[in-house]
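The values are calculated or read from the model by the stated rules, or taken from the named source; none is laboratory data. The structure displayed is predicted, hence computed values, not measured ones. Because the Cβ atoms are built from the backbone with ideal geometry, glycine has one as well, and the counts that use them run over all protein chains shown.
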Number of protein chains: 2
Amino acid sequence: MSESLTPEQITSAIHEMGRLAKRASYALATLSADQKNAILRAMAEGLRDATDSIVAANVLDISAGEENELSAAMLDRLRLDASRIEAIASGIEQVASLADPVGDLISEWDRPNGIHIQQVRVPIGVIGIIFESRPNVTSDAAVLCLKSGNATILRGGKEAIHSNRAIAHALQSAGETAGLPEGAIQLIPFTDRESVSVLAQMDQFLDLIIPRGGKGLVEAVVSQARMPVIKHYDGICHTYIHPDADRNMARKIVVDAKTQKPSVCNALETLLVHQDIAAQFLPEVAESLRTKSVEIRGCERTRSHIDAIPATDADWDTEYLDTILAIRVVDSIEDAISHINAHSSQHSECIITEDSSVASRFMRELDSACVFHNVSTRFADGEEFGFGAEIGISTDKLHARGPMALKELTSYQYRITGDGQTKS
Amino acid sequence: MSESLTPEQITSAIHEMGRLAKRASYALATLSADQKNAILRAMAEGLRDATDSIVAANVLDISAGEENELSAAMLDRLRLDASRIEAIASGIEQVASLADPVGDLISEWDRPNGIHIQQVRVPIGVIGIIFESRPNVTSDAAVLCLKSGNATILRGGKEAIHSNRAIAHALQSAGETAGLPEGAIQLIPFTDRESVSVLAQMDQFLDLIIPRGGKGLVEAVVSQARMPVIKHYDGICHTYIHPDADRNMARKIVVDAKTQKPSVCNALETLLVHQDIAAQFLPEVAESLRTKSVEIRGCERTRSHIDAIPATDADWDTEYLDTILAIRVVDSIEDAISHINAHSSQHSECIITEDSSVASRFMRELDSACVFHNVSTRFADGEEFGFGAEIGISTDKLHARGPMALKELTSYQYRITGDGQTKS
């Protein structure tokens, strides 16, 4: 299909989707929570009913993936079966059960001239979401946006295009029967590269763009986008061990943060150990890490206490996403803070100390989204925070920072009431 | 000075400012409200002490402006004298007296596993501000950023470069004596065009960029920026008169919103009148507007009731910033809402009605930052909202929408405390 489209046709097709989405966004903004929840439940049912056709579409993606020699891990992420489709459908019902943030009164006050000002939560409008292989994102992202009153334009990767189309079709047809405005959820039906550029520049229709995927994708969106971008680059997370730390707790948290799931963004990548506790702590933690087959790369002082591969400068800036840990001995908490502010990706950091005033200082002086005291960084997560559902983790500092859920998919509006006030 | 700089030298000089600002931002984030206020008061005094040298520098800008045949209005905006410098200094003291948002607890909660989560207000970091002729912005913007714990890199227009340098120098030297970190307030000392591009792409150091000026400047920043942009495009503001409106109140509000200060972004540009009240209301409002010399451009139905120049399609999308008003008769409130959502710049709109449920619907269905019921749109302003000081009005929907003050110059950080929680 896409082979036959000229750049002009791609642009005009995506602009038409933008126009439709903008129109749908006005209708969505006025739906009640009950109306949106009824649509969501209908969409969950529609997805279940479409299990056979979604699996059939997925088979096409899997065959193409095998032909293109995708890795086993990628093929697994791509694969859909009845139980995975059921999980997506239950996810939709879970979102239906969450509180609707739209209409919430954020604050209100009176002015001396008698005007009354309310700051009210409203949807953002139209959100573009660009993602890579996992087809479940088609549903997860569209559903969170719908719950928060936003229209979405989705652009998935070519590996999952058949699955994405089948899922989007099931959501749209079941949703529209239940009152989903036309154009509220749209999937770009082709995967030409130009479609990313066209979306990123379509600020007349798109209020926000969220790229979800590898650095190349995020970079391409950031450099071209004319509208706000919420993104997630690296997770280079640190844990710092203060001299007064409970060494047993420190060891358990380090092992958990590094090994419980090394492939995720909130896993530990660099351990900083105060020089006054290094001689005792490093051998203990090294032993525990070795039983989990973790490769240790250490600074010179680390290597005076334990066996380790010499760390290079590049190690301090690397997100391994693997069972590798960089360790550095530092002179002081100041040094730990400087190291982290210089090398961290501002995602999540942790201090292990028994002194809460030391912990407060560490938190205050770090420029990171999440700072933990005596807790594994693996808890930097929307579900662990109690948000019910998460659209991602933002390493940006504006609008949404850290785990991002329904509230972060809203904006606000000032509503001002008076009885004829003028400036004259 | 600037003539001798190569693009590489400009890039390297601005990157060096970025590095310094980033370092300063860490120091700023740890200053207490008292420390920041003491610095601000010292800066106000320093500015007063430097009155002579600032006026002398301003004379150079004014002469250059006269040579370049700037308009009288532009020369007036550029001019500084002792009383204007005193006003800038008092403005700094007023900012010192405002509450410091940094450190505010936005929310906190416990999780079933015993971790405690706090969401705390923190500075954004380093903010780039690009502005045009008014030299007072050098102080106003730097001071609001400092109060909220942010470092600033300022880039002013070439018309005011001597004045801007003198003001920045006075602020820096008085501030540093009182504890302002080096690099916390920096002005790019040259005005080459490349400096805008370099700033907009310097996302390794800059967390936010705010362009303040004409559409060309904002457009240039939006198309090049790699970091979040908070901007202000047009103010195409509407007022809609519902059939049940108090006609006297409606007339006063329309005249105020159009004529009290026509050159500002929250002034009225398009009046929408319901057909059922048009025959009575239009002659009344037209008479009042004519006494204020307002030119009326009307749709055909408007012209059946009053004398008016025929409005063209372009009128509905024009920000006049002048004593010109476009008037359209609409069939219904639905038509008014559609017209506004299609033509407004999402800044400020108003409805005049005695029915608060009609007003609620109007507000809910409009996609604008500020919606007014029986109040002039001229109140869309940080000072009128009680914010104490305003850095501008955002027509964006993310992070900051509408009048933008100290709170909108902050981000947040999650601080999570536990006693050894792990995921394993």
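Residue by residue through the range B:203-229, note down the ones that are of a type in the set (A, V, I, L, M, F, W, C), over 17 Å from residue A:201 (Cα atoms) and surrounded by 21 or more Cβ atoms within 10 Å (Cβ to Cβ).
Within the range B:203-229, the subset of a type in the set (A, V, I, L, M, F, W, C) is B:205-206, B:208-210, B:217-218, B:220-222, B:225, B:227, B:229.
Retained after the next criterion (residues that are over 17 Å from residue A:201 (Cα atoms)): B:205-206, B:208-210, B:217.
Within the range B:203-229, B:205, B:206, B:208, B:209, B:210 meet the criteria.
Pick from B:406, B:325: which is more than 7 Å from every other protein chain (Cβ to nearest Cβ), in contact (Cβ under 8 Å) with a residue 24 or more places away in the chain and more than 20 Å from residue B:253 (Cβ to Cβ)?
One residue alone meets the criteria, B:406.
If residue B:131 meets every condition in (1) touching an Asp or Glu at 6+ places or on another chain (Cβ under 6 Å); (2) at pLDDT below 95 apart from one, which number is that one?
All conditions are met except number (1).
If you take the residues in the range B:64-105 that are among the acidic types (Asp, Glu) and under 21 Å from the mean Cα position of the chain (by Cα), which one is surrounded by the most Cβ atoms within 10 Å (Cβ to Cβ)?
Restricting to residues being among the acidic types (Asp, Glu) and under 21 Å from the mean Cα position of the chain (by Cα), the top hit is B:100.
For residues in the range B:328-377 being facing chain A (nearest Cβ under 7 Å) and under 14 Å from residue B:270 (Cα atoms), which is farthest from the chain's Cα centre (by Cα)?
B:341
Does residue B:294 qualify as being surrounded by 22 or more Cβ atoms within 10 Å (Cβ to Cβ) and either touching a Gly at 6+ places or on another chain (Cβ under 6 Å) or at negative phi (or both)?
no
Being of a type in the set (Ser, Thr, Tyr), surrounded by fewer than 17 Cβ atoms within 10 Å (Cβ to Cβ), touching a strand residue (DSSP E or B) at 6+ places or on another chain (Cβ under 8 Å) and under 21 Å from residue A:244 (Cα atoms) is true for just one of A:356, A:360. Which residue is that?
Unique residue meeting the criteria: A:356.
Identify all residues within the range B:267-316 that are hydroxyl-bearing (Ser, Thr, Tyr) and not in a loop (DSSP other than H, G, I, E, B); write none if there are none.
Residues of the range B:267-316 hydroxyl-bearing (Ser, Thr, Tyr): B:270, B:288, B:291, B:293, B:302, B:304, B:312.
Of everything in the range B:267-316, those that are hydroxyl-bearing (Ser, Thr, Tyr) and not in a loop (DSSP other than H, G, I, E, B) turn out to be B:270, B:288, B:291, B:302.
Cβ-Cβ below 8 Å, separation at least six or inter-chain, first residue in the range A:124-138 and farther than 22 Å from residue A:62 by Cβ and more than 14 Å from chain B (Cβ to nearest Cβ), second surrounded by 20 or more Cβ atoms within 10 Å (Cβ to Cβ) and among the hydroxyl-bearing types (Ser, Thr, Tyr): which pairs?
If the second residue must be surrounded by 20 or more Cβ atoms within 10 Å (Cβ to Cβ) and among the hydroxyl-bearing types (Ser, Thr, Tyr), the pairs left are A:129/A:152.
Are there any strands (runs of 3 or more DSSP E) wholly within the range B:119-188 with 2 or more residues that are under 18 Å from the mean Cα position of the chain (by Cα) and more than 13 Å from residue B:36 (Cα to Cα), and if so which?
Strands (runs of 3 or more DSSP E) meeting the threshold: B:126-131, B:151-155.
One line per residue, one yes/no per condition, for (1) of a type in the set (S, T, N, Q); (2) within 12 Å of chain A (Cβ to nearest Cβ); (3) under 30 Å from residue B:125 (Cβ atoms):
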site: B:206; (1), (2), (3): no, yes, yes
site: B:211; (1), (2), (3): no, no, yes
site: B:244; (1), (2), (3): no, no, no
site: B:248; (1), (2), (3): yes, yes, no
site: B:269; (1), (2), (3): no, no, no
site: B:279; (1), (2), (3): no, no, no
site: B:288; (1), (2), (3): yes, yes, no
site: B:291; (1), (2), (3): yes, no, no
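Would you point out the residue of the range B:378-403, among those that are outside any strand (DSSP E or B) and more than 10 Å from chain A (Cβ to nearest Cβ), that is modelled with the lowest pLDDT?
Taking the range B:378-403 first, the residues outside any strand (DSSP E or B) are B:378-391, B:395-401.
After this cut, where a residue has to be more than 10 Å from chain A (Cβ to nearest Cβ) as well, the list is B:382-383, B:387-391, B:395.
On the way: B:382: 93, B:383: 91, B:387: 92, B:388: 85, B:389: 81, B:390: 84, B:391: 87, B:395: 90.
Checking each candidate, the answer is B:389.
For the range B:232-260, which positions are surrounded by fewer than 19 Cβ atoms within 10 Å (Cβ to Cβ) and either under 17 Å from the mean Cα position of the chain (by Cα) or within 23 Å of residue A:207 (Cβ to Cβ) (or both)?
B:233, B:234
Spot the failing condition for residue A:219; the list is (1) modelled with pLDDT of 95 or more; (2) of a type in the set (Asp, Glu); (3) part of a helix (DSSP H, G or I), and only one is missed.
Result: residue A:219 fails condition (1) only.
Within the range A:47-57, is even one residue at pLDDT 95 or above, surrounded by fewer than 18 Cβ atoms within 10 Å (Cβ to Cβ) and in contact with a strand residue (DSSP E or B) (Cβ under 9 Å, 6 or more places away or on another chain)?
no
Inspect the range B:53-63 for any residue being within 22 Å of residue B:146 (Cβ to Cβ), of a type in the set (Ser, Thr, Tyr) and more than 24 Å from the chain's Cα centre (by Cα) and give the result as yes or no.
Scanning the range B:53-63 turns up at least one residue that is within 22 Å of residue B:146 (Cβ to Cβ), of a type in the set (Ser, Thr, Tyr) and more than 24 Å from the chain's Cα centre (by Cα).
Scan the helices (runs of 4 or more DSSP H) fully inside the range B:1-98 and keep the ones with 3 or more residues being within 30 Å of residue A:338 (Cβ to Cβ) and in contact with a helix residue (DSSP H, G or I) (Cβ under 8 Å, 6 or more places away or on another chain).
Passing ranges, in order: B:7-29, B:33-49.
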